[in-house]
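The values are calculated or read from the model by the stated rules, or taken from the named source; none is laboratory data. Model, not experiment: these values are computed from the prediction. Don't worry about glycine lacking a Cβ; one is built from the backbone with ideal geometry, like all the others, and counts go over all protein chains shown. To get the accessible areas, we keep the full protein, side chains included, count just its heavy atoms, and leave off ligands, DNA and RNA. Shrake-Rupley method; radii C 1.70, N 1.55, O 1.52, S 1.80 Å.
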Amino acid sequence: MTSLPAVALIVAAGRGTRMGGEVPKQFLDLCGQPALSRALGAFLCHPMVSGAVIVIHPDDRAHAKDAVSRAANPEAKPVTLAEGGATRQQSVAAGLDALSVAEDALVLIHDAARPFVSESLITRAISAGLRHDAAVPVLPVVDTIVTVDAAGLQTGTADRTSLRAVQTPQVFRLGAIRAAHAAVVQTGRDDFTDDAGVIRAQGGVVATFAGCPNAFKLTTPEDVARADSALRRNLTDIRAATGYDVHQFGPGDHIMLGGVRIAHDQGVVGHSDADVLLHALTDALLGAIGDGDIGIHFPPSDMRWKGAASRVFLAEAVRRVKARGGEIRCLDGTVVCEAPRIGPHREAIRALISEVAGIDISRVGLKATTSEKMGFTGRREGIAALATATIALPEV
Ligand code: MG
């Protein structure tokens, strides 16, 4: 990893028994993206974070790999999966062992069940860590807090002026938190529920900094519903963009169009399978997120894409939209050629696009037209496609 000041350690090894579902809560889908992907993406996009270690349960490796691939920026910085232990404390210790950064680097220890960690919260954590070596985000306690007996009768009222609710990411110097974890194991304890507790058990000092009320933890099914609806309400950055592509006809007996093989008395010339419709749709999606074009992501000079099925390109553009927390609202294409006839294949093409984009088929449009025998399409020299994508991104 690089010399950036901080690295993330994301604890995702819990089995979410309080939630009661099949899938542990850190892998639950929140408005199209797993909770872990959202948390991981926030760290990977932060300019002062060099990479991440994610601690997982051995049974969740497939879930975790999927979540990493669906985070923003997954290739830009190193992400390592480490297997955790039976308790949170053991899992953090395993993650600390898996980090390969300098001992004085800051490690941001974060619970994957807090998907709404923001750039500003990470920035506050890093600056608190640089000043104090160990610090945790806290919120003032606004409710009155009482103590009760076994029968539920009040026995007292706590003085909330000195109480704080603790969040993550908690920040430490790597060497110090590693040493503290090693030392508490020697005392026989393996039940610490946070890492500030581990430092303090060894006589260390832990500072606090301002947490974020939105960075709540997914604990109950109601929390998941709250998170999902908050994300949906925030999809207000509506964007539309276009794509256009042309390929020349050449020798052959079929063309690929919209991922469907269509018999024709000519083929199409191209580095990949030369599917003009999927290429135009890919460019429209990339345009909507301002993320280059198909030639930048899949250069013709790269032999990996020779003869490639173009649904791979569309799937990557879809992944890039979703990694930004976005939702595809509509994909629409127009194919321009004298032949072959598109009508008989329209529904198969729409079905394929809807499957690759993960949207209902009613959100996929496809029209075909000739150019009245004018121009290169009219002379049957090639085929063209125009596309429009409409997406909704979260307001930031
Ligand atoms: Mg093309």
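Net charge in the neighbourhood of H297 (other residues with Cβ under 13 Å of its Cβ; Lys, Arg +1, Asp, Glu -1) is -3. Axis of helix 276-288 versus longest Cα principal axis of the chain: the two differ by about 40°, to the nearest ten degrees. Summing +1 for each Lys or Arg and -1 for each Asp or Glu among the other residues whose beta-carbon sits under 11 angstrom from that of D332 gives +4. Computed over the chain, the per-residue total of -39500 (n - 2.57) for DSSP H runs of n ≥ 4 gives a 222 nm mean residue ellipticity of -9500 deg cm²/dmol, rounded to 500. Taking Cα centre as origin and charging only the Cβ of basic (Lys, Arg, +1) and acidic (Asp, Glu, -1) residues, the dipole magnitude of the range 6-233 rounds to 400 debye. Using C-alpha pairs below 8 Å separated by at least 6 residues, the relative contact order for the chain is 15 percent. Largest GNM mean-square fluctuation among A62, A42, A280, using the chain with Cα springs under 10 Å: A62. As a fraction of the 1.4 Å probe accessible area of the chain, surface on carbon and sulfur atoms comes out at 53 percent. A simple charge model with +1 on the Cβ of Lys and Arg, -1 on the Cβ of Asp and Glu and nothing else charged puts the dipole of the chain at about 280 debye relative to its Cα centre.
The long axis of helix 35-45 is offset from the longest Cα principal axis of the chain by roughly 90 degrees. Under a Gaussian network description of the chain, with springs only between Cα atoms under 10 Å, the residue in L163, L36, L281 that fluctuates furthest is L163.
For helix 119-132, report the angle its Cα long axis makes with the longest principal axis of the Cα atoms of the chain; keep it between 0 and 90° and round to the nearest 10°. Roughly 40 degrees between the two axes. Annotation for the range 8-79 versus the range 324-396: alpha-carbon center distance of 34 Å. Bridge orientation summary for the chain: considering DSSP beta bridges with both residues in this region, about 60 percent are antiparallel. The antiparallel fraction among DSSP beta bridges confined to the range 6-233 stands at about 40%.
Among Q248, Q186, Q167, the residue with the largest mean-square fluctuation in a Gaussian network model of the chain, with springs joining Cα atoms closer than 10 Å, is Q186. Distances longer than 29 Å among the Cα atoms of the chain: what percent of all pairs is that? Cα-Cα pairs in the chain separated by more than 29 Å: 53 percent. Other residues lying with their Cβ under 12 Å from the Cβ of A125 contribute a combined charge of +1, Lys and Arg counting +1, Asp and Glu -1.
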